[in-house]
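All remarks here apply to the structure that follows.
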Amino acid sequence: MGRRVLLGSRYLMSDITDDEFLFSLWYNSTAPGIYGITYRHLWEMSTLHHTCLKTIFNYVYRMGKIPSHWKLQIVIRINKPNKVGCEPETFRPITLMSTLEKTFPYFWICPLPFDSVLLPNLLDELTLLGLPGPLKTKIRLFTRNFIQGDGVIVTYANTNLPLVSSHKYFGIYLNLKLNWLPQMKHRTARVHTAISVFKAVSHTCWGGDPKMLLLIYISFTRPHMDYGSLFMRCVSLHLRLQTACLRRCLGLMHSTSITAMHVEANILPYFLLHDYIATK
């Protein structure tokens, strides 16, 4: 498996640079942990000590395992207002982590397009799982930064993998910002196709049996709206789409209230249906 992952002129798997190391020390100034080492202590160290600490960070990065003593934490319990007793609900815990453990992740949050991904471990896991052929593999970066990833080159089996703007995975369209816009556009188009069918066979004075049309809506149209709705949180869009479908199924006018429409169809409003799906 090729491991050439290039961003501009810099390899993502290269060692931590001096600028990245100094930036990580400047980035935060929170309270120290169990060892009492503050960010100011790390910043004021000599160049030799900075080089030694950077070497340790590079070794931890290549091994892919955080030292256990970095994970030791101090938990301080603060009483909540108007709470009396020794039960856990009466306290608000505050955890003081080691400065080294808090400094280490910042190397991959800011300067790289991968927000918090440990790339060597990701490549190892993909190797163990077994990727499909390079012709069926696509690359998509997910980040909250403004990096589009145009300069990223990923090689697998001596083949450069294409970088796509969005990709459909298990029926869900994933784009750069994970804001679900391609998925909502696709879902809206599918529902509008069903609305066109309802419009052709129903009217305010004639048309198909409302019970049969409602059965078609529940069986074939609403599953497209339900699938993945817990992740997208677009209840208002689904409510509008369901209202349009019910109006066509029942042959109702635009002046009919939405509440009366749900009562007539014996169907829950979509925000209640969304909560019901979330509890299942």
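Derivation of every value follows stated rules applied to the coordinates shown; laboratory data play no part. Here the structure is a predicted model, which is why all the values come from computation and not from measurement. Here the Cβ positions follow ideal geometry from the backbone for every residue, glycine too, while neighbour counts run over all protein chains shown.
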Would you please give the residues with an amide H less than 5 Å from that of Ile172, counting only those at least 5 places away or on a separate chain, with H modeled from the backbone geometry?
none
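Of Lys102/Lys177; Lys199/Lys280; Lys138/Lys185, which pairs sit farther than 31 Å apart, going by alpha carbon to alpha carbon? Please list the in-between numbers first.
Details: Lys102/Lys177 25 Å; Lys199/Lys280 33 Å; Lys138/Lys185 21 Å.
Checking Cα-Cα distances, Lys199/Lys280 exceed 31 Å.
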Between Phe91 and His49, what is the label-point separation in nm under the 7 Å Cα-to-beta-carbon projection?
3.3
Loop-located trypsin sites (Lys or Arg not before Pro) in region 231-279 whose Cβ has at most 14 other Cβ within 10 Å (DSSP):
Arg233
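Want the number for Asp275 to Lys199: 0.36 nm per residue separation, take away the alpha-carbon distance, what's left? Kindly include the intermediate steps, with their values, before the conclusion.
Details: separation 76, 0.36 × 76 = 27.36 nm, distance 2.93 nm.
That works out to 24.4 nm of additional length.
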Under 11 Å from the Cβ of Tyr59, count the other residues' Cβ atoms, weight Lys and Arg +1, Asp and Glu -1, and hand me the total.
+2
Label zone at Thr259, where the point sits 7 Å out along the Cα-to-Cβ direction: region 265-280 residues whose backbone N lies under 14 Å
269
Calculated from backbone phi, Karplus (6.51, -1.76, 1.60) coupling profile of region 164-180 in Hz, x at Gly/Pro:
10, 6, 8, 8, 8, 10, 6, x, 10, 8, 10, 10, 4, 8, 6, 9, 6
